Amino acid sequence: MTTTGKPARRALALALTIIMTLPMAAQLKQFTLEDLNFGGTNYHNMRPKNLYLAWWGDRLMYQDAEEWGLADMESGGKTPVATIDEVNKALGDEEIHSAMNATFPYPGEPLVLLEGSKRRVLYNWEERRVAWSQPCQGEQYSDWAAPSRAVAFVKDNQLCVTDAAGHTRRLTTDGSREIVYGQAVHRNEFGIVKGTFWSPDGMKLAFYRMDQSMVTDYPQVNTFKRVAELEPDKYPMAGVASRMRTVGVYDLQSGKTLYLDAGDPTDRYFSNVAWSPDSKTVYMIELNRDQTDFWLRSYDAATGKLTATLYHEHNAKYVHPVTPIAFLPWDDGKFLLQSERDGYNHLYLFDTTGRCLRQLTSGRWVVLDLIGFNRKAKSAIILSNEASPIQNNLYSVSLKTGRRTPIDNGRGLHARYFMRGEASAMLSESGSLLFDHYTEPDVPRNVCVTNTATGRSAEIFSAPDPWAGYAVPEYSCGTIKAADDSTDLYFRMVKPIGFDPAKKYPTIVYVYGGPGVRNVEAGWHYQSRSWETYMAQKGYLLFILDNRGSSDRGREFEQATFRHLGQREMEDQMRGVAYLKSLAYVDTTRMGIHGWSYGGFMTTSLMTTYPDVFKVGVAGGPVIDWKWYEVMYGERYMDTPEANPEGYAETSLLAKAKNLKGKLQIIIGMNDPTVVPQHALQFLDACIEAGTQPDFFVYPGEGHNMAGHKSVHLHERITQYFEDYLK
């Protein structure tokens, strides 16, 4: 048969193109999991290079393993000022291993803070001498205060403080497994990442005390001993007795400790501790156990007495404060509070009497972070997704007018170097400058220095593509409508390498779907997980959808799943499946699904709710029944089992074990302290009773995620399961 005309010429041209590109594709390197997985032996070479920076006042410094120095704010050029070898020579027998975590705490003074295994030192690089040192051996959870040079830390379960002269005082005597001091509480919920809080003058220390003696032990077992030993975790499940927390204040000058008179701590949460600029008042956000209300309260640091209730917020479903108040550097009588009271997280200006002066930001978008302030311009520097729900962009906000001025390029994900709540380190001492690590779908990592008043920016670093020379798949992003037929949901698609639209491909849906996480973002490769690239190399199509209930889309979007976790999420994920089925190149007879933690819950839910859709699934660390999950997260999103029996019954996967048809592999860490093994084991028992046949794999001694090189083994196992049963 012969063909003529334009279609034939196009077909011939396409064939010639494929033939010509085959040798080129054959020359491209192939990825291994040692390249792509964070535990892999070559992973460090496959990540975008970085430029590590810190501020010395308004001067920019770079940090390397063996040296530190000045960074040119126009070109990124480096001028070394000292080396680690010089410091170690000055110390004699002490040894500082790296300058990567060097900080420069005193603007105008050429002092760098470095920490080794035995001592922390302030080194004067102009005079080439150690200006000050302090012992630090055996410290846990250390927190150093630059004004006083005192450090708070935990040792042998006791909270201690070492002053600038090197004298150590133990503040507690009853610290134990039951009574915990100076550590993050509430299982790191409510934005809490630490347990000690120095006052601005460095002379007072606020700290958490957590009594968990009333919390039941979950019986974890250490099987690496000759005779296995019990090593239980304190794990309060939804609806049962929870921990009690209090906040203490230690005065470095008087040596006395008192506790804030906040009343009975039973069934209450204390979070977001902050200090007044004059170091005389402690502010704290307090929640009821139902998490329907929060109160901002102030306490006298000298007496511990309550001085005022400044603000109260109620929501019938839940409130979720995760940031402390922030005082204006030029006005000690005013502060910013973050709240979702209008449905989106925004900034509100208050005075210290509790009067709300005005809402500073507003709109159907989210303030993701308050970076800090430009003191001269009297502006706040924020990170938001105003430009797009999948972007993070920087703005300057006038405190006088509320006018927002963009101070980045309007694309991608900015402020990527620091976690939320820690990004103040991006700003110079005056707030007039910031360094910004950012990424875009086709930009691995760039670094620029920006004037926060004018928005003028100079790119000082651009990371080369670490995947150059490798066969890389196509990454794309789009939207579909949620099951409510009105809400836009964002998805990422990773097409197989050598994609041919005339072929049909096995397809894997990767899912998380839970609160607090956004999988699809406008970063490099749309923030694709490297395992997706590995699977695309093996001929799979990957699809990732952020359903309702995921983060950074406003309160209504997240609360759509309240008291019925997994239900709205599955409806939305099935809209994603319907979209996939509309694509000619998706093999609908070979659809798989994989997820971890909440994603493991979603994977198991979808496999047992829609058993004829998914042929293969891999569920990692899955929640099976929310009554076995921890109290704060579980009760926020589900209420208690007693208050919401229908919701708990609806979301439990035990009764759905009988529905399993496809191949499902469940993988857990045997000592998981987050989603305890009871979940997976009880699901296996339900499958046994129902006569269904899941597969099961366990990593002895591992927690919620596999550490180190075991992660490579884990992803080899996940991959092989799809290779065996889906391909």
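The values are calculated or read from the model by the stated rules, or taken from the named source; none is laboratory data. Worth saying up front: this structure is predicted, and the values here are computed from it rather than measured. Here the Cβ positions follow ideal geometry from the backbone for every residue, glycine too, while neighbour counts run over all protein chains shown. With ligands, DNA and RNA removed, areas are computed over all heavy atoms of the protein, side chains included. Shrake-Rupley method; radii C 1.70, N 1.55, O 1.52, S 1.80 Å.
Output the number of residues of the range 574-598 satisfying the condition of being open to solvent by 10 Å² or more (accessible area, probe 1.4 Å) and under 23 Å from GLY621 (Cα atoms). Walk me through it before giving the result.
Taking the range 574-598 first, the residues open to solvent by 10 Å² or more (accessible area, probe 1.4 Å) are 574-575, 578-579, 581-585, 587-590, 596-597.
Those left that are additionally under 23 Å from GLY621 (Cα atoms): 574, 596-597.
Here the count works out to 3.
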Given the condition at pLDDT 95 or above, closer than 24 Å to TYR633 by Cβ, part of a strand (DSSP E or B) and in contact with a strand residue (DSSP E or B) (Cβ under 6 Å, 6 or more places away or on another chain), answer yes or no: does some residue in the range 325-337 qualify? yes
Within the range 374-414, the residues that are open to solvent by less than 40 Å² (accessible area, probe 1.4 Å) and of a type in the set (S, T, N, Q) are ASN374, SER379, SER384, ASN385, SER388, GLN391, ASN392, ASN393, SER396, SER398
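Yes/no matrix, rows are residues, columns are (1) touching a strand residue (DSSP E or B) at 6+ places or on another chain (Cβ under 6 Å); (2) open to solvent by less than 20 Å² (accessible area, probe 1.4 Å); (3) over 13 Å from THR604 (Cβ atoms); (4) in contact (Cβ under 8 Å) with a residue 24 or more places away in the chain:
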{"site": "ILE624", "(1), (2), (3), (4)": "no, yes, no, yes"}
{"site": "MET632", "(1), (2), (3), (4)": "no, yes, yes, yes"}
{"site": "LEU653", "(1), (2), (3), (4)": "no, yes, no, yes"}
{"site": "ILE667", "(1), (2), (3), (4)": "yes, yes, no, yes"}
{"site": "GLU689", "(1), (2), (3), (4)": "no, no, yes, yes"}
Scanning the range 104-147 residue by residue, those open to solvent by 20 Å² or more (accessible area, probe 1.4 Å) and either touching a Gly at 6+ places or on another chain (Cβ under 7 Å) or farther than 29 Å from ALA71 by Cα (or both) turn out to be PRO107, GLY108, LYS118, PRO135, GLN137, GLY138, GLU139, GLN140, TYR141, ALA146, PRO147
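So that you can scan it fast, the table gives a plain yes or no per residue for (1) at pLDDT below 95; (2) crowded, with 18+ Cβ neighbours inside 10 Å:
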site	(1), (2)
HIS44	no, no
LEU60	no, yes
TRP68	no, yes
MET73	no, yes
GLY92	yes, no
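Kindly indicate whether PHE601 is at pLDDT 95 or above, open to solvent by less than 10 Å² (accessible area, probe 1.4 Å), among the hydrophobic types (A, V, I, L, M, F, W, C) and assigned to a strand (DSSP E or B). Talk me through it step by step, then tell me what you get.
Numbers: at pLDDT 95 or above: yes; open to solvent by less than 10 Å² (accessible area, probe 1.4 Å): yes; among the hydrophobic types (A, V, I, L, M, F, W, C): yes; assigned to a strand (DSSP E or B): no.
No, not satisfied.
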From the set of residues in the range 261-291 that are assigned to a strand (DSSP E or B) and charged (D, E, K, R), which is farthest from the chain's Cα centre (by Cα)? ARG268
Scan the range 369-386 and report the pairs whose first residue is of a type in the set (S, T, N, Q) and whose second residue is open to solvent by 10 Å² or more (accessible area, probe 1.4 Å) and in a strand (DSSP E or B), with Cβ atoms within less than 7 Å and a gap of 6+ or a chain change. ASN374/SER396; SER379/PHE373; SER379/SER396; SER379/SER398; SER384/LEU368; SER384/TYR395; ASN385/LEU368
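Can HIS314 be described as over 28 Å from SER279 (Cα atoms) and either of a type in the set (S, T, N, Q) or free of Cβ contacts under 8 Å to residues at least 40 places away in the same chain (or both)? Please lay out each step first, then the result.
Values: over 28 Å from SER279 (Cα atoms): yes; either of a type in the set (S, T, N, Q) or free of Cβ contacts under 8 Å to residues at least 40 places away in the same chain (or both): yes.
Judged against the criteria, HIS314 is a match.
How many of the residues in the range 104-149 are assigned to a strand (DSSP E or B) and over 29 Å from the mean Cα position of the chain (by Cα)? Even if it seems obvious, please write down each step before you answer.
Restricting attention to the range 104-149, the residues satisfying the condition of being assigned to a strand (DSSP E or B) are 111-115, 119-124, 129-135, 140-145.
After this cut, where a residue has to be over 29 Å from the mean Cα position of the chain (by Cα) as well, the list is 111, 119, 121-124, 129-135.
Qualifying residue count for the region: 13.
Just to be sure, is ALA262 out of contact with any Pro (no Cβ under 7 Å at 6 or more places or on another chain), closer than 19 Å to ASP293 by Cβ and among the small types (Gly, Ala, Ser)?
On the way: out of contact with any Pro (no Cβ under 7 Å at 6 or more places or on another chain): yes; closer than 19 Å to ASP293 by Cβ: yes; among the small types (Gly, Ala, Ser): yes.
Yes.
On the basis of being modelled with pLDDT of 95 or more and more than 33 Å from the chain's Cα centre (by Cα), does VAL87 make the cut? Working first, answer last.
Values: modelled with pLDDT of 95 or more: yes; more than 33 Å from the chain's Cα centre (by Cα): yes.
Against the criterion (modelled with pLDDT of 95 or more and more than 33 Å from the chain's Cα centre (by Cα)), VAL87 qualifies.
Would you mind listing the strands (runs of 3 or more DSSP E) fully within the range 482-557 where at least 2 residues are under 27 Å from VAL322 (Cβ atoms)? Don't jump to the end; show me each part of the working.
Working: elements: 488-495, 505-510, 541-545.
Filter on the range 482-557 gives 488-495, 541-545.
For GLY263, state whether it is loosely packed, with under 15 Cβ neighbours inside 10 Å, without any contact (Cβ under 8 Å) to a residue 24 or more places away in the chain and over 17 Å from ARG636 (Cβ atoms).
Working: loosely packed, with under 15 Cβ neighbours inside 10 Å: yes; without any contact (Cβ under 8 Å) to a residue 24 or more places away in the chain: yes; over 17 Å from ARG636 (Cβ atoms): yes.
Yes; evaluated as a whole, the condition is true for this residue.
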Would you check which residues across the range 317-346 are open to solvent by 10 Å² or more (accessible area, probe 1.4 Å) and among the hydrophobic types (A, V, I, L, M, F, W, C) and list them? VAL322, ILE325, ALA326, PHE327, TRP330
Under 7 Å between Cβ atoms, which residue pairs at least 6 apart in sequence (or on different chains) link something in the range 703-716 that is farther than 15 Å from ILE666 by Cα and among the β-branched types (Val, Ile, Thr) with a partner that is modelled with pLDDT of 95 or more and outside any loop (DSSP other than H, G, I, E, B)? VAL712/LEU33; VAL712/GLU34
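Looking only at the range 191-224, count every residue that is of a type in the set (A, V, I, L, M, F, W, C) and outside any strand (DSSP E or B) and tell me the total.
Step one: of the range 191-224, the residues of a type in the set (A, V, I, L, M, F, W, C) are 192-193, 197-198, 203, 205-207, 210, 214-215, 221, 224.
From the residues that got through so far, the ones that are outside any strand (DSSP E or B) too are 192-193, 203, 214-215, 224.
The qualifying residues number 6.
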Determine whether MET638 is in contact with an Asp or Glu (Cβ under 6 Å, 6 or more places away or on another chain) and within 28 Å of ARG243 (Cα to Cα). no
Among what's in the range 224-240 and is in contact with a Pro (Cβ under 9 Å, 6 or more places away or on another chain) and exposed (fewer than 12 other Cβ atoms within 10 Å of the Cβ), pick the residue that is nearest to ALA643 (Cα to Cα). LEU230
